[in-house]
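Here the structure comes first, spelled out in structure tokens, and everything after it is commentary.
The values are calculated or read from the model by the stated rules, or taken from the named source; none is laboratory data. Not measured: the values here are computed from a predicted model. Using ideal geometry, Cβ is built from the backbone for each residue, glycine included, and neighbour counts are taken over all protein chains shown. Just the protein is used for accessible areas: all its heavy atoms, side chains included, with ligands, DNA and RNA removed. Shrake-Rupley method; radii C 1.70, N 1.55, O 1.52, S 1.80 Å.
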Amino acid sequence: HHVPRGDLRRPIPAVQPLPCSPAALRSVRAMVIASKLLLRYPIIGLGRQCTGFGSSVHSVAKRGISMSAARSPASAALFASASSFKVDSKRAPNRTFSTGQRPTKHPKDSHTFAAEIMGNASLAGKGLRISAGEVLKVIDLAASFAACIHAGHPYCTTLAFDHVELLVPIMHGDLLHLDSRVAHVGKSSIVVQVVGRKKDTLTRRWIYTLEAFVTFVSLGPDTRPQMVPELVCENEEEEALREFLHARRALNEQYEQEQKALEKDGALENFTPDPVNEGHSDYIRMSQTTLKLRKNFLPRALNNLGTVFGGDLLEFMDSAAVSCATQFSRNPHLITIAMDRVFFHKPILTSDVLELSATVAYSRRHCIQVEVQVDVLTPPWEQEKEGSRQSHRGRFHLLSLSEAGYKQPVGVGLTMEDQEEQLRYAKAAHAFGFWRSLHENKRSFTGGMFGEGVSHSPWGWNAQYN
């Protein structure tokens, strides 16, 4: 029985099954399955393209415009059933909270932990440190899981790493335990606190190792920031954490203002290098210390959003900073002891080519500060766009050691021959002095909220580890 094309737009009542060719039936089933999968997982794989493709398949099914449907009324019936199909998303209902009251959660709701044997277990007991980049990667993983628990979906991307100091060296084979919980939220941003401890083999006690604050942003199905549940404090300890973060935020704002003040006209009229830069037998111009690397990432480095995982980027930056400082000081025994606020401005795709630039910006008797900037290069087939765009930038503080593990003088000084190099040196010197003065005045917010030498925090620590 021939059905006119215009009749396909009208709903077809449920009747006895009509004859349909196997090829047409397989074609319709494939399109229905594709519509279900692509509408249910709009971000996995191709990002926004999946959403558009899934919508087009669904619209085709809704209109019934298909060669197979035009041939058979049974195909038209299948397309009519596909048009009424609704997907039950796995994400949190009412994701934008636009029609109801914003839900609330407590910090304990997002508490989780990660525990790993760091580095290569076969090298345990040999006194070999692991790279700071590997530690930063584990911190990012532990923090992202807590952020996803609070948001109610796995689509939270790393936005920034605050000033982080590695207070205790971590060796190959060390057991590292990281507790993480949400400490503060904005409209779409989530700040996660991570406290790390390692197990000391000789004393069998847990040693407070590090504390970090990582900021994430929650993304919706359209890859745009979306609102997250509000955070409500339940006890005095959580209120103290909130005040702690407000003080830390004010401290970071003060730091940024003082950094920008160095860029004003006349701020460097009386510029002179620090006295620690004098008396060396060897001097190198700042521009000659620059190390440039180019790299792109394979799909195995992707996160849930289809972009390069932030922990891998931090590891890449740390390895470049260590190599740059090694070439500067001619000492292969350098370790990263701190990282100064890294911001991720742009997402990185596997098709992007990254150009990393690492430069020694400041040097003291035992410490070297390296500036690392990562740019995304525009491919040759898109030359109508900008040549490059800045992705992220940060400072790494390294300590010079001897082969036996003791402090060793750097023995090399820096020379600045233009105003740009003087500005970079002045900013790096200010960053070092700013955080150091806080330590000396006991105002440091990087030594841990619970004080020095505390082996455990009052939250989220199981009795079996005490």
Selection count where residues are closer than 12 Å to Val370 by Cα and open to solvent by 20 Å² or more (accessible area, probe 1.4 Å), scope the stretch 288-326: 6
Counted residues, the stretch 184-209 - those being open to solvent by 10 Å² or more (accessible area, probe 1.4 Å) and under 20 Å from Pro107 (Cα atoms): 7
When residues of the stretch 99-125 are limited to those that are within 18 Å of Asp179 (Cα to Cα) and aliphatic (A, V, I, L, M), the one least open to solvent (accessible area, probe 1.4 Å): Met118
Any hit, the stretch 306-319, residues being touching a residue at least 24 places away in the same chain (Cβ under 8 Å), out of contact with any Phe, Trp or Tyr (no Cβ under 7 Å at 6 or more places or on another chain), under 21 Å from Arg436 (Cα atoms) and not aliphatic (A, V, I, L, M): no
Members of the stretch 166-183 that are touching a strand residue (DSSP E or B) at 6+ places or on another chain (Cβ under 7 Å), surrounded by fewer than 20 Cβ atoms within 10 Å (Cβ to Cβ) and not aliphatic (A, V, I, L, M): Pro169, Gly173
Arg330 at pLDDT 90 or above and under 29 Å from Asn277 (Cα atoms): yes
Every residue from the stretch 390-427 that is of a type in the set (S, T, N, Q), under 19 Å from Ile130 (Cα atoms) and surrounded by 13 or more Cβ atoms within 10 Å (Cβ to Cβ): Ser400
Sole exception among (1) of a type in the set (Val, Ile, Thr); (2) buried (at least 21 other Cβ atoms within 10 Å of the Cβ); (3) farther than 21 Å from Pro169 by Cβ for Val353, by number: (2)
Qualifying residue in the stretch 340-350 (condition: open to solvent by 50 Å² or more (accessible area, probe 1.4 Å), part of a strand (DSSP E or B), of a type in the set (A, V, I, L, M) and touching a strand residue (DSSP E or B) at 6+ places or on another chain (Cβ under 9 Å)): no
Residue in the stretch 292-300 that is closer than 30 Å to Thr272 by Cβ and either outside any helix (DSSP H, G or I) or within 22 Å of the chain's Cα centre (by Cα) (or both) present: yes
The stretch 199-233 - residue that is part of a loop (DSSP other than H, G, I, E, B) and acidic (Asp, Glu) and, of those, nearest to Arg181 (Cα to Cα): Asp200
Given (1) closer than 19 Å to Leu136 by Cα; (2) more than 20 Å from the chain's Cα centre (by Cα), index of the condition Cys367 fails: (1)
Test: residue in the stretch 377-388 that is surrounded by 18 or more Cβ atoms within 10 Å (Cβ to Cβ), more than 30 Å from Pro221 (Cβ to Cβ) and polar (S, T, N, Q): no
Selection within the stretch 186-240 - in contact with a His (Cβ under 9 Å, 6 or more places away or on another chain) and of a type in the set (Asp, Glu): Glu234, Glu238
Unique residue being touching a helix residue (DSSP H, G or I) at 6+ places or on another chain (Cβ under 8 Å), without any contact (Cβ under 8 Å) to a residue 40 or more places away in the chain and not in a loop (DSSP other than H, G, I, E, B) when the list is Gln369, Gln327, Gln373: Gln327
Qualifying residue in the stretch 138-156 (condition: open to solvent by 30 Å² or more (accessible area, probe 1.4 Å), out of contact with any helix residue (DSSP H, G or I) (no Cβ under 6 Å at 6 or more places or on another chain) and in a strand (DSSP E or B)): no
Scope the stretch 163-181; condition modelled with pLDDT under 90 and assigned to a loop (DSSP other than H, G, I, E, B); matching residues: His163, Leu167, Val168, Pro169
Answer residue from the stretch 254-278, given it is in contact (Cβ under 8 Å) with a residue 60 or more places away in the chain and open to solvent by 70 Å² or more (accessible area, probe 1.4 Å) and is farthest from the chain's Cα centre (by Cα) among those: Glu278
